[in-house]
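**Student:** Before anything else, here's the structure in question.
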Amino acid sequence: MTSFLKLEGFAPTTAANGKEALAYLREVGAVDVILLDLRMPVMDGWTFRREQRRDPAIADIPVVVLSGADAERAPELAAAAWFEKPVSVPKVISAIRRLCENH
């Protein structure tokens, strides 16, 4: 997904897991959209999202979820968009572009 985002003119930053992502966001903070996989090592996407929403400095960053499971629990995350794997890259890019324009 990083390669596709770069081809579309975005400047993505990656994190190996939710803990790493939270540390980055708390240090840098200035991102327009978070692209979140729910199944990550160390800290999964569910835990990441709970922690993100508790932190006022990063709580309002919109989240786009990519997941192969748990779609029935999607409302719990209050994500701006949700895509089940395998995803349609053009649809994900379109959602990210829309969120960046509105953020």
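The values are calculated or read from the model by the stated rules, or taken from the named source; none is laboratory data. What you see is a predicted model, and the numbers here were worked out from it, not measured in a lab. Cβ placement follows ideal geometry from the backbone for every residue including glycine, while neighbour counts extend to all protein chains displayed. The protein model used for the area step is the full one, side chains on, heavy atoms only, and it has no ligands, DNA or RNA in it. Shrake-Rupley method; radii C 1.70, N 1.55, O 1.52, S 1.80 Å.
**Student:** Find the residue count for the stretch 5-17, including only residues that are open to solvent by 80 Å² or more (accessible area, probe 1.4 Å) and without any contact (Cβ under 8 Å) to a residue 24 or more places away in the chain.
**Tutor:** The qualifying residues number 5.
**Student:** In the stretch 31-44, how many are touching a residue at least 40 places away in the same chain (Cβ under 8 Å) and either crowded, with 19+ Cβ neighbours inside 10 Å or in contact with a strand residue (DSSP E or B) (Cβ under 6 Å, 6 or more places away or on another chain) (or both)? If you could, list the steps in order and put the result at the bottom.
**Tutor:** Initial filter on the stretch 31-44 (touching a residue at least 40 places away in the same chain (Cβ under 8 Å)): 32-33, 35-36.
Next, from what is left, pick out any that are either crowded, with 19+ Cβ neighbours inside 10 Å or in contact with a strand residue (DSSP E or B) (Cβ under 6 Å, 6 or more places away or on another chain) (or both): 33, 35-36.
The qualifying residues number 3.
**Student:** So Glu20 fits all but one of (1) farther than 15 Å from Leu5 by Cβ; (2) out of contact with any strand residue (DSSP E or B) (no Cβ under 9 Å at 6 or more places or on another chain); (3) loosely packed, with under 14 Cβ neighbours inside 10 Å; what number is the exception?
**Tutor:** (3)
**Student:** Of these, Val63, Val28, which one is open to solvent by 40 Å² or more (accessible area, probe 1.4 Å) and out of contact with any Asp or Glu (no Cβ under 9 Å at 6 or more places or on another chain)?
**Tutor:** It is Val28.
**Student:** Go through the stretch 74-92 and give me each residue that's open to solvent by less than 80 Å² (accessible area, probe 1.4 Å) and either part of a helix (DSSP H, G or I) or among the small types (Gly, Ala, Ser) (or both).
**Tutor:** Going residue by residue through the stretch 74-92, those that are open to solvent by less than 80 Å² (accessible area, probe 1.4 Å) are 74, 77-83, 87-89, 92.
The answer is Ala74, Leu77, Ala78, Ala79, Ala80, Ala81, Ser88, Val89, Val92.
**Student:** Given the criterion exposed (fewer than 13 other Cβ atoms within 10 Å of the Cβ) and either among the charged types (D, E, K, R) or modelled with pLDDT of 90 or more (or both), identify the matching residue among Ala69, Ala95, Ala57.
**Tutor:** That would be Ala57, the only listed residue that is exposed (fewer than 13 other Cβ atoms within 10 Å of the Cβ) and either among the charged types (D, E, K, R) or modelled with pLDDT of 90 or more (or both).
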